[in-house]
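Here is the structure we will look at.
We did not get these values from a lab; they are worked out from the coordinates using the rules stated. Not measured: the values here are computed from a predicted model. Positions of Cβ are backbone-derived with ideal geometry, glycine not excepted, and every protein chain shown enters the neighbour counts.
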Amino acid sequence: MFAQDIIIRPVLSEKSYADIANKKYTFEVAKNANKTQIKQAVESLFKVKVKSVNTANVFGKVKRQGKYEGLTGSYKKAIVQLTADSKSIEFFDSLS
């Protein structure tokens, strides 16, 4: 599995914006990726040092359109904590 296949997209929310100051970044990742693979993917893509990785499965919500009901997509998210001496990720620098 390549690093580009593991990291799908950044998760941009109010909580993730607040964590950027503490060098915590949130990503949507492949469902079958483990913490070690996520750590290696972030380190190779962004050239940073990762301290820890926390993962969570986010289940889809029930949504309705009139009488029809469906689910939004489920995904896995990873919260990546960088080391204190690591540089920040440039993509997120423009957001804060």
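Suppose the filter is in a loop (DSSP other than H, G, I, E, B) and not polar (S, T, N, Q); does residue 85 pass it?
yes
Those residues that are under 14 Å from the mean Cα position of the chain (by Cα) and either surrounded by 16 or more Cβ atoms within 10 Å (Cβ to Cβ) or among the hydrophobic types (A, V, I, L, M, F, W, C) (or both), I need them from region 42-54; list them, please.
42, 43, 45, 46, 50, 53
Only residues that are closer than 11 Å to residue 23 by Cβ and of a type in the set (Lys, Arg): list them for region 46-96, please.
Within region 46-96, 49, 51, 87 meet the criteria.
I'd like to verify a number: residues in region 55-96 that are closer than 20 Å to residue 5 by Cβ and either touching a helix residue (DSSP H, G or I) at 6+ places or on another chain (Cβ under 8 Å) or surrounded by 10 or more Cβ atoms within 10 Å (Cβ to Cβ) (or both), how many?
Of the residues in that region, 12 qualify.
Among the residues of region 4-39, which ones are crowded, with 16+ Cβ neighbours inside 10 Å and part of a loop (DSSP other than H, G, I, E, B)?
Scanning region 4-39 gives 11, 23, 30, 33.
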